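Here the structure comes first, spelled out in structure tokens, and everything after it is commentary.
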2 protein chains.
Amino acid sequence: MTTPVSNPSQRDLANAIRALSMDAVEAANSGHPGMPMGMADVAAVLFTKFLKFDASAPKWPDRDRFVLSAGHGSMLLYSLLYLTGSPDVTIEEVKKFRQLHSKTPGHPEYGHTQGVETTTGPLGQGISTAVGMAIAERLLGARFGDKVVDHHTYAIVGDGCLMEGISHEAIDLAGHLKLNKLIVLWDDNSISIDGSTSLSTSTDQVKRFEAAGWNAVRVDGHNAAEVEAAIAKAKTSDKPTLIACKTIIGFGAPNKQGSEKTHGAPLGKDEIAAAREFLGWPYAPFEVPEPILSTWRAAGTRGKAEHAAWHERLSQLTADERAHFERMIEGELPASVKEALDAFIAKNVAEKPKLATRKSSEMALQVINDATDMTIGGSADLTHSNYTITRGMKSITPDDFTGRYLHYGIREHIMGAAMNGIALHGGFVPYGGTFLVFSDYLRGSIRLSALMGLRVLYVLTHDSIGVGEDGPTHQPIEHLASLRALPNVNVFRPADIVETAEAYEIALASKHTPSVLALSRQNLPTVRTEASSENLTAKGAYVLRGDAKAPRDVTLIATGSEIELAVSAAEQLNAEGVKTVVVSMPCFELFEAQPEAYRAEVLGTAPRIAIEAAGRFGWDRWIGDKGAFVGMNGFGASGPAPQVYKEFGITVEAVIAAAKKLVA
Amino acid sequence: MTTPVSNPSQRDLANAIRALSMDAVEAANSGHPGMPMGMADVAAVLFTKFLKFDASAPKWPDRDRFVLSAGHGSMLLYSLLYLTGSPDVTIEEVKKFRQLHSKTPGHPEYGHTQGVETTTGPLGQGISTAVGMAIAERLLGARFGDKVVDHHTYAIVGDGCLMEGISHEAIDLAGHLKLNKLIVLWDDNSISIDGSTSLSTSTDQVKRFEAAGWNAVRVDGHNAAEVEAAIAKAKTSDKPTLIACKTIIGFGAPNKQGSEKTHGAPLGKDEIAAAREFLGWPYAPFEVPEPILSTWRAAGTRGKAEHAAWHERLSQLTADERAHFERMIEGELPASVKEALDAFIAKNVAEKPKLATRKSSEMALQVINDATDMTIGGSADLTHSNYTITRGMKSITPDDFTGRYLHYGIREHIMGAAMNGIALHGGFVPYGGTFLVFSDYLRGSIRLSALMGLRVLYVLTHDSIGVGEDGPTHQPIEHLASLRALPNVNVFRPADIVETAEAYEIALASKHTPSVLALSRQNLPTVRTEASSENLTAKGAYVLRGDAKAPRDVTLIATGSEIELAVSAAEQLNAEGVKTVVVSMPCFELFEAQPEAYRAEVLGTAPRIAIEAAGRFGWDRWIGDKGAFVGMNGFGASGPAPQVYKEFGITVEAVIAAAKKLVA
């Protein structure tokens, strides 16, 4: 029965996904056939009947976003991209599924494959990132109107996505904000890796979503008409919608379907043969016959007219509006931002205020937010501790998205993921605040910021034992190290208002690198008291006090709040004839990237002492074999900050003693 | 009106908490009065009418557990401990609230203050740890019967706890397991730090908990009778119960109550005076008049008779049963565990199997689980990837707690927190598995394992780019570093089956330190082929190949799967006349703790090359100024593991080339 299908049904279209998925996993001898085969009918309805896209223009700003939150089912997405004619995913690439340098890696990777809207795989991140995309759509729509910005965001999620804690934060926030253009399709297959989901959960997901302010409906995920009706209804809703699609995992594999055996391993030759029989799919591996392929390809071009109409509407904006829109979408900040920050730096070099760097951060943000409307601020319910809201910033509410400040609630993880979604969507530069110690709660998201190369700013205040009375649960010790260990993140710990502003300049200019700003709770003097024509923080480290080229006895390297100690210690040491240089090192990563000669000059050949009110881990890179470290050797303690510093021996006296010991 | 209250009402009792809390925060000029004042009525009902405890015996194994999940409201707990006569919290300690070395730190700290059942502060951890305690109660009850184990677990949670993602994982699991002795009292005050909770959430919590299989009721949190009736009813339920207590934050401060202004700052002199007036509390700061104090003290001794009766029942067990119970409660593993592991090691030194360390881990766990019934295994839905279930281990189900294996679901964070709760409760040693990369999702909990000093074992498999096809989202790069940076955690990355078993020996013997076992997906040869009378892993690092005392040209230091590369490279280098020593370093922390002389001997004075399929961060401590590193310099890639290793230059050839360059 190799006769071409004359008038492909939705099932025929879905079977193309099933066949490609099982064949690709088999060829790779690795991967997850169960989810693509189970959700093929749902995905076929979505892509052929609803999704607004133009396969030839994967970056069309007003396209619907599609997020495969259950990223292990990547063959679902690659099948869809191939079938609809997306440029990157040819049949050759499908055949190279999970092979090195292919366009079809094990989990979908943003920036690697056109048409992949976000990197997924760590469960729960996709749905949460989708919430960020849906927020960005509303924000941009509130600025430019429905004619230019009016699209949906769809996500396919699995049981795992909905068990992960981040999913609670995501649906809670989405329900609150009434993100009615967000439509989530749940692959309700009752199977997880360990077996039946009844091993570990009894939650009524429909009721759960309703409790969070969503519409929620149940459909048979193998009944195309039901799925179609549900999506059509969801599009008219004033709330976000969950469509619980009851499916059979591995649908079509007659002996294995409905079992965890189809989840994460190839079906095997015999079962694939049986599936071909069962599905009525007699074609060779990777063959999609006409007219099934052309019907799919038609879906990929279905959006062309809409795309053209959108361009027409865009051209009706005034030239200024259009340029504004395009600059935002491209992520081009106006030059006035840097100019304003440069002026701010010059002013503060002259005025030398003594301020907590979290306060300096607020002032720098004020300058930035006044100079551009592209920033979207927020905090995980620590607004007045993180100092993340600036004058004139209006809160975003469920009924008004013209604001620029998001109250993320006590939900660090969705804050990170939503910022990723906002950055991915285009139009805005998100920054969000919490305490540095709670970066633990958003590591899953910051890793994706880094992996995807997104300009997301994490404003992390209360950055040391300087937190004081809140004690060890709130005093970061290992957090700087654990963030510095992450590839492609710039971790800034500025010493004063000048370095803080410089860090913001770099963070805003880093279009493909997220930034962390670790900021003090306590006041710090301005130590950058001389004007500089260059951004010294951009070098990662530099000689702050003393002469880099003159002979020295000892080098003190410090960051953030400990620069004050280093400068005081150096003054006393120099007065006593110990030639001491102070190096400020606000960013390990940028210093690492400097030429060897510059690094050698800054570090010098004299013994080095690092001072940081945190753990030593990672500092030996800069201290060297003969150096010393003044910092923390365990967890902190509750008490007034100055006493806590003294308790743990992070004092000017301790630095001086360490220096004398090394020099002796 | 300083006349003594003749017959104190519940409100009088609650006002003692209010006064102590506002006065202590004022004296400290730091802290959170709003929550203790708001929840005072609820807490007074719980402690005077329900909580089974004997203040003089805070370690009575069958006491009810009380967890203050909203840990910032620590003055609520300290007030209760002082009022009921708990040994550590005298009025002098209350006066030293938030001062260094006091028993009343900013957030409650387990191990620091008797009567504090768990460290709280990071929101959502308390309720999740309470779930673990409630699980442990059921497990122990299933083993020893209701006569010896039959207590409730209560938790007070705030809005923040319920917004955090971890709360979803907690209530989902608790509802599934039908933990009907878990009763959660929610401080439903509609206020968070940013202001009204309506800024960020619209969730119907009662419906949400019901969706997860809980009872959920609403009461007026200032109506003692309503609270009492609700708790009484909850105690008869076959499900866990949420009691949503509608409260006014800062109740009693007439001008500030109901506002976020009472949340995290002292009320100020004037408002405190007004509150004294409003509450009819004319007493001096820190004064609790008779008979209010004696009524409270009576609550603290109320449980004495029950405590005595419990001892009586305990004495009715057979001598063996009783010894067994006491050994479990004390956390004393039978000596046979170590003996069995030693025999296992000897056997494998002889047999030299080639196995993934995750498989070796399974075999070691089999030995352990056969030798003791104190271990409780589990996985975050990766049982058959982590290899955490062993033969004969029965799953724990809602209806049967005689099992020993917990299907935590796709919920890493509650797995960590629940393991903390199980360890805190006493009776068991929990271990739980997930992929190393998803340790990101449980960092909040592992930090608390470390801070509290709990024997919790994290079995983290798929520990490098050796994961292969799953690609960069699943390939840990920075995770070893970020875990090594945590104080009081032993991070083991064993090279073979012998080191794996040694790591388990150490982890089980470390009663006050959690352990991470980072284990390979791929097969590794046995490299410890000679019998040793000592546990070499316990030294953190040791010379595996070559003579520590003979002159050498280069030292190769590696961990885990890269030991194989180091050994091969050393063989070739030695054959070419480059005297090469291989150091296996399965645990940085334990090596750091060795005497300087031992460390110097192992590391040697020759140039050193570290080899680890992860980031370099933290390795410079051991490499030194002249060393080199063969490892990762960014994120990984999807492809078959051997190709991925080659792609990133982690090969025998690369090690040899690096060595020759250093030696030249």
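The single condition among (1) within 30 Å of B:SER190 (Cα to Cα); (2) among the acidic types (Asp, Glu); (3) buried (at least 23 other Cβ atoms within 10 Å of the Cβ) that B:GLU137 does not satisfy is (1).
Every listed requirement among (1) of a type outside the set (D, E, K, R); (2) assigned to a loop (DSSP other than H, G, I, E, B); (3) outside the structural domain of B:ALA657 (by the TED database) is met by B:VAL516 save one, (2).
Within segment A:15-27, track down each residue that is open to solvent by less than 10 Å² (accessible area, probe 1.4 Å) and within 14 Å of chain B (Cβ to nearest Cβ). Scanning segment A:15-27 gives A:ALA24, A:VAL25. For segment A:540-563, the tally of residues that are under 30 Å from the mean Cα position of the chain (by Cα) and of a type in the set (Val, Ile, Thr) stands at 1. A:HIS112 meets all of the listed conditions (1) away from every other protein chain (no Cβ under 14 Å); (2) out of contact with any helix residue (DSSP H, G or I) (no Cβ under 9 Å at 6 or more places or on another chain); (3) under 30 Å from A:THR301 (Cβ atoms) but one, namely (1). Of all residues in segment B:207-244, which are within 14 Å of chain A (Cβ to nearest Cβ) and either modelled with pLDDT under 95 or open to solvent by less than 20 Å² (accessible area, probe 1.4 Å) (or both)? Once the filter is applied, which keeps residues that are within 14 Å of chain A (Cβ to nearest Cβ) and either modelled with pLDDT under 95 or open to solvent by less than 20 Å² (accessible area, probe 1.4 Å) (or both), segment B:207-244 yields B:ARG208, B:PHE209, B:ALA211, B:ALA212, B:TRP214, B:ALA216, B:PRO240, B:LEU242, B:ALA244. Residue check: is A:GLY444 in contact with a helix residue (DSSP H, G or I) (Cβ under 8 Å, 6 or more places away or on another chain), open to solvent by less than 10 Å² (accessible area, probe 1.4 Å), within 14 Å of chain B (Cβ to nearest Cβ) and within 19 Å of A:VAL337 (Cβ to Cβ)? The answer is no for A:GLY444. Taking every residue in segment A:166-182 that is of a type in the set (S, T, N, Q) and pairing it with any residue that is open to solvent by 10 Å² or more (accessible area, probe 1.4 Å), at least 6 positions away or on another chain, the pairs with Cβ-Cβ distances below 6 Å are A:ASN180/A:SER237; A:ASN180/A:ASP238; A:ASN180/A:LYS239. So, B:GLY106, is that one touching a Lys or Arg at 6+ places or on another chain (Cβ under 6 Å) and crowded, with 24+ Cβ neighbours inside 10 Å or not? Yes: the conditions hold for B:GLY106.
The set of residues from segment B:325-357 being under 25 Å from the mean Cα position of the chain (by Cα) and part of a helix (DSSP H, G or I) comprises B:PHE325, B:GLU326, B:ARG327, B:MET328, B:ILE329, B:GLU330, B:VAL337, B:LYS338, B:THR357. Do we have any residue at all in segment B:245-260 that's more than 13 Å from chain A (Cβ to nearest Cβ), open to solvent by less than 20 Å² (accessible area, probe 1.4 Å) and aliphatic (A, V, I, L, M)? Yes, the conditions are met somewhere in segment B:245-260.
Here's the yes/no breakdown for (1) touching a helix residue (DSSP H, G or I) at 6+ places or on another chain (Cβ under 7 Å); (2) open to solvent by less than 10 Å² (accessible area, probe 1.4 Å); (3) not assigned by the TED database to the domain that holds A:VAL149:
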{"site": "A:ILE329", "(1), (2), (3)": "no, no, yes"}
{"site": "A:LEU355", "(1), (2), (3)": "yes, no, yes"}
{"site": "A:ALA364", "(1), (2), (3)": "yes, yes, yes"}
{"site": "A:ILE368", "(1), (2), (3)": "yes, yes, yes"}
{"site": "A:ASP373", "(1), (2), (3)": "no, no, yes"}
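Which one is farthest from A:SER360 (Cα to Cα) among residues in segment A:391-400 that are open to solvent by 10 Å² or more (accessible area, probe 1.4 Å) and more than 9 Å from chain B (Cβ to nearest Cβ)? It comes out as A:ASP399. Scanning segment B:115-134 for residues being away from chain A (no Cβ under 13 Å) and either open to solvent by 10 Å² or more (accessible area, probe 1.4 Å) or over 13 Å from the mean Cα position of the chain (by Cα) (or both) gives a total of 3. In segment B:381-403, the residues that are without any contact (Cβ under 8 Å) to a residue 24 or more places away in the chain form Cβ pairs under 7 Å with partners that are basic (Lys, Arg), at six or more places apart or across chains, as follows: B:LYS394/B:ARG404; B:GLY403/B:LYS394.
Taking (1) in a loop (DSSP other than H, G, I, E, B); (2) surrounded by fewer than 24 Cβ atoms within 10 Å (Cβ to Cβ); (3) modelled with pLDDT of 95 or more in turn, A:MET1 satisfies each apart from (3). Just one of the numbered conditions (1) within 32 Å of the chain's Cα centre (by Cα); (2) buried (at least 24 other Cβ atoms within 10 Å of the Cβ); (3) of a type in the set (Gly, Ala, Ser); (4) not assigned by the TED database to the domain that holds B:ALA485 is not true of B:ALA570: (1).
Here is a yes/no grid of residues against (1) buried (at least 24 other Cβ atoms within 10 Å of the Cβ); (2) within 10 Å of chain B (Cβ to nearest Cβ); (3) small (Gly, Ala, Ser):
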position: A:TYR154; (1), (2), (3): yes, no, no
position: A:MET163; (1), (2), (3): yes, yes, no
position: A:GLU169; (1), (2), (3): yes, yes, no
position: A:LYS178; (1), (2), (3): no, yes, no
position: A:LEU185; (1), (2), (3): yes, no, no
position: A:SER196; (1), (2), (3): no, yes, yes
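Consider A:VAL498 carefully, then state whether it is in a strand (DSSP E or B) and either aliphatic (A, V, I, L, M) or surrounded by fewer than 21 Cβ atoms within 10 Å (Cβ to Cβ) (or both). Taking the combined requirement at face value, the residue does not satisfy it.
With respect to B:ALA27, is the statement that it is assigned to a loop (DSSP other than H, G, I, E, B), among the small types (Gly, Ala, Ser) and on the phi < 0 side of the Ramachandran plot true? No, not satisfied.
Within the option set B:LEU424, B:LEU406, B:LEU436, being aliphatic (A, V, I, L, M) and either open to solvent by 10 Å² or more (accessible area, probe 1.4 Å) or away from chain A (no Cβ under 13 Å) (or both) holds for one residue only, B:LEU424.
Can you say whether B:ARG552 is in contact (Cβ under 8 Å) with a residue 12 or more places away in the chain, among the basic types (Lys, Arg) and in the same structural domain as B:GLY433 (by the TED database), as far as the supplied structure shows? No: the conditions fail for B:ARG552.
Of the numbered conditions (1) open to solvent by less than 10 Å² (accessible area, probe 1.4 Å); (2) at the interface with another protein chain (Cβ under 8 Å from one of its Cβ atoms), B:VAL467 fails exactly one; give the number of that condition. So B:VAL467 meets the others, but not (2).
Only a single item in (1) more than 9 Å from every other protein chain (Cβ to nearest Cβ); (2) under 22 Å from B:LYS646 (Cβ atoms) is not met by B:MET452, and it is number (2).
Is it true that some residue in segment A:78-89 is within 14 Å of chain B (Cβ to nearest Cβ), crowded, with 20+ Cβ neighbours inside 10 Å and not acidic (Asp, Glu)? For segment A:78-89, residues within 14 Å of chain B (Cβ to nearest Cβ), crowded, with 20+ Cβ neighbours inside 10 Å and not acidic (Asp, Glu): present.
The values are calculated or read from the model by the stated rules, or taken from the named source; none is laboratory data. Small disclaimer: the values here were computed from a predicted structure and weren't measured. In this analysis, Cβ positions are derived from the backbone assuming ideal geometry, glycine residues included, and neighbour counts consider all displayed protein chains. For the accessible areas, the whole protein counts, side chains as well, though only heavy atoms, and no ligand, DNA or RNA atoms are used. Shrake-Rupley method; radii C 1.70, N 1.55, O 1.52, S 1.80 Å.
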